[in-house]
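The values are calculated or read from the model by the stated rules, or taken from the named source; none is laboratory data. Keep in mind that what you see is a predicted model, and the values were worked out from it rather than measured. We place every Cβ from the backbone using ideal geometry, glycine too, and count neighbours over all the protein chains shown. Keep in mind that these areas ignore ligands, DNA and RNA; they rest on the heavy atoms of the full protein, side chains included. Shrake-Rupley method; radii C 1.70, N 1.55, O 1.52, S 1.80 Å.
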Amino acid sequence: MNIQWYPGHMTKARRQMEADLKQVSLVIELADARIPLGSRNPDIDRMAAGKDRLILLNKADMADPAENDAWVKWYAARNIRAVLCDARNPRDVKAIRRAVTEVSAERMERNRRKGILNRPVRAMVCGIPNVGKSTLINSVAGRSAAKTGNKPGVTRSNQWIRLDRTLELLDTPGILWPKFEDPEVSVRLALLGSISDQVVDSGELALELLKFMTREYPALLAGWRKSTDEEDGGDEMPELMAGDYAENAPYLRIMEREARARGCLRGGGNVDYDRIAAVMLNDFRAAKMGRITLEKATV
Ligand code: G4P
């Protein structure tokens with residue numbers, strides 16, 4: 001599956017972020033715990049060189065718990081502090097505050113030795129669209145300090161949220177885009193909804209999801225399904241897939257059975273592949289198939 005996409009405002013958002021970075025000593029980078037590497041932009045390592053760093057594996061509540069632990073260890077082995085979190089959860093926000101203190105401790109101590117006292121840590125939150133940046137800022141600030149939703153390119157004037165004597169947070173998050181070059185990463189991002197659905201064929205994407213679930217999470221797939229393979233599905237085939245028929249046939253049949261079991265039909269009782277694809281993608285994105293991680297920590 002090949003996804004070509006170049007969102008607008010990319011350059012502008014990056015420039016804004018480069019300017020904002022000059023004002024902070026700590027960069028809190030959000031990644032999606034379901035794609036802990038692919039949801040990051042590697043430019044950040046260059047852009048944030050010399051800053052204290054903290055990576056939050058956000059939406060960990062929707063990711064595979066075993067993989068969550070494996071990813072924290074994966075980052076620790078590379079001397080990077082990564083913390084699992086659900087940006088909406090106050091308890092997790094407390095853990096983030098503790099991690100912020102830890103990663104900033106050395107800098108604070110250096111400042112103290114230089115006689116610089118009471119200088120708060122200034123931090124900014126960054127990450128790809130929809131990863132939870134605004135939610136985190138709101139949760140940390142304990143009020144509706146930053147609007148959720150994603151508006152790259154809007155003119156902004158920076159404001160600082162003073163959390164206490166030791167920490168100030170820039171109220172506007174830095175927006176970065178993931179790299180789309182690797183087709184496998186693009187598919188994973190599309191599965192999460194991080195790539196506009198308008199440029200992705202939902203039928204093909206649902207098929208990719210089904211292949212992944214069959215390979216990696218067969219028990220969760222079985223739990224989600226409302227049909228079984230014994231049922232008689234017929235032999236309908238969407239035209240789009242005809243060329244890849246041999247490889248895709250078993251998965252198309254599952255889609256067809258699910259469509260029938262869930263009433264995703266057109267007139268005449270024909271399967272509505274667009275509708276069943278939408279159901280599958282929505283259920284996956286809402287973690288209704290279970291807690292799933294698309295990228296394994298073995299890489
Ligand atoms: P952004 O600023 O990075 O673009 O992301 P934003 O905070 O707008 O969050 C995008 C969506 O992800 C929101 O859902 C938000 O509630 C959800 N979200 C953020 N963090 C977490 C998390 O740790 N776990 C889970 N499960 N969801 C999270 P939405 O449906 O777009 O909006 P809303 O209906 O929640 O307001």
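Note on region 121-139: among residues that are more than 6 Å from the ligand (Cβ to nearest atom) and in a helix (DSSP H, G or I), the one that is nearest to residue 16 (Cα to Cα) is 137.
For region 81-92: of the residues being more than 9 Å from the ligand (Cβ to nearest atom) and outside any strand (DSSP E or B), which is surrounded by the most Cβ atoms within 10 Å (Cβ to Cβ)? I'd like the intermediate steps shown before the answer.
Going residue by residue through region 81-92, those that are more than 9 Å from the ligand (Cβ to nearest atom) are 81-84, 90-91.
Next, from what is left, pick out any that are outside any strand (DSSP E or B): 81, 90-91.
Details: 81: 16, 90: 10, 91: 8.
Here the residue is 81.
When residue 49 is tested against (1) assigned to a loop (DSSP other than H, G, I, E, B); (2) aliphatic (A, V, I, L, M); (3) over 20 Å from residue 176 (Cα atoms), just one condition goes unmet, and that condition is (3). A count restricted to region 200-225 and to residues that are open to solvent by 60 Å² or more (accessible area, probe 1.4 Å) and β-branched (Val, Ile, Thr) stands at 0. Name every residue in region 54-75 that is within 15 Å of the ligand (Cβ to nearest atom) and open to solvent by less than 30 Å² (accessible area, probe 1.4 Å), in order of residue number. Listed by number, the residues that qualify are 55, 56, 57, 58, 60, 63, 64, 68, 71.
Screening the candidates 219, 206 for the property of being small (Gly, Ala, Ser), without any contact (Cβ under 8 Å) to a residue 12 or more places away in the chain, over 24 Å from residue 15 (Cβ atoms) and in a helix (DSSP H, G or I) yields one hit, 219. Among the conditions (1) within 16 Å of the ligand (Cβ to nearest atom); (2) open to solvent by 70 Å² or more (accessible area, probe 1.4 Å), the only one that residue 106 does not satisfy is (1).
Residues of region 109-140 that are under 25 Å from the mean Cα position of the chain (by Cα), surrounded by fewer than 22 Cβ atoms within 10 Å (Cβ to Cβ) and among the charged types (D, E, K, R): 122 alone. Of all residues assigned to region 283-295, none qualifies as being more than 18 Å from residue 218 (Cα to Cα), open to solvent by 20 Å² or more (accessible area, probe 1.4 Å) and in a helix (DSSP H, G or I). For residue 78, the conditions (1) assigned to a loop (DSSP other than H, G, I, E, B); (2) open to solvent by less than 30 Å² (accessible area, probe 1.4 Å) are fulfilled apart from (2).
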